[in-house]
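The values are calculated or read from the model by the stated rules, or taken from the named source; none is laboratory data. What you are looking at is a predicted structure, and each value in this text was computed from that prediction instead of being measured. Glycine gets a Cβ as well: all are built from the backbone with ideal geometry, and neighbour counts include every protein chain shown.
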Amino acid sequence: MTRTNPRSTISNANLTRGFSIEGVAVTTTAAELNAAAGTGLSAEELGFLDGATAGTAVASKAAVLGANKNIDTIVIAASGLKIGAGAGTAMTATAAELNVNAGVVAGTVTASKTLVVGADKNLDVLALPVSGLKIGAGAGTAVTASAAELNKLTGSGATVASGTQVSGITDAVVAHALNSTFSDTEAEAALDALGTKINLIIAALEAYGISAVV
């Protein structure tokens, strides 16, 4: 062994009890030192690894994936996430826009969430403004009848035969819909209004190839 003062130079030494540098014990193993040798990493670059935890993002440290190729939380600037081959396609949707899909149940309407129809192309409840429902080709024909007006036909006896014809809209049906307590003037006005609504419904049905028999 060769030793030179004031700074010691040691060569070909076999240290079995460890050594210290400026009073700090060196705990790095020979294998670890050998692994770092020749990497070209600076002390600053090695510092990025110090304190890094697999699967956990640590500020100003290297990101090391966990056993399941996972990382707990990572903040990405808008459009910073890209998916796909090559340069990828930037995800421009914001977190808020993506979150409208969270908790969505197919066939069930949830306030402030995306609508996803069920297996039968169904939704449980959907509130539409007056004239918001349109039926027919192209822009469709607005159904201007209110829910209350349409509900007057409930229990009236009007039926759909074989899914192709609307039948049973007779004078008795109209009387049921209008309510016999109306005055003659009110009944006449209501009849005119109901006739208009029925014509709109018939037009909408016929747009789908359904013939209406009144």
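Remarks
- Any hit, the range 181-192, residues being loosely packed, with under 13 Cβ neighbours inside 10 Å, in a loop (DSSP other than H, G, I, E, B) and either touching a helix residue (DSSP H, G or I) at 6+ places or on another chain (Cβ under 6 Å) or modelled with pLDDT under 75 (or both): yes
- Taking the numbered list (1) assigned to a loop (DSSP other than H, G, I, E, B); (2) farther than 26 Å from residue 45 by Cβ in turn, residue 65 passes all entries but (2).
- Taking the range 20-59 as the range and being in a loop (DSSP other than H, G, I, E, B), among the acidic types (Asp, Glu) and over 27 Å from residue 74 (Cβ atoms) as the test, only 22 passes.
- On inspection, residue 96 fails the criterion of being in a loop (DSSP other than H, G, I, E, B) and either out of contact with any Pro (no Cβ under 7 Å at 6 or more places or on another chain) or of a type in the set (Ser, Thr, Tyr) (or both).
- Enumeration of residues in the range 123-137 that are under 29 Å from the mean Cα position of the chain (by Cα) and on the phi > 0 side of the Ramachandran plot: 131
- Test: residue in the range 31-41 that is modelled with pLDDT under 90 and within 30 Å of residue 126 (Cα to Cα): no
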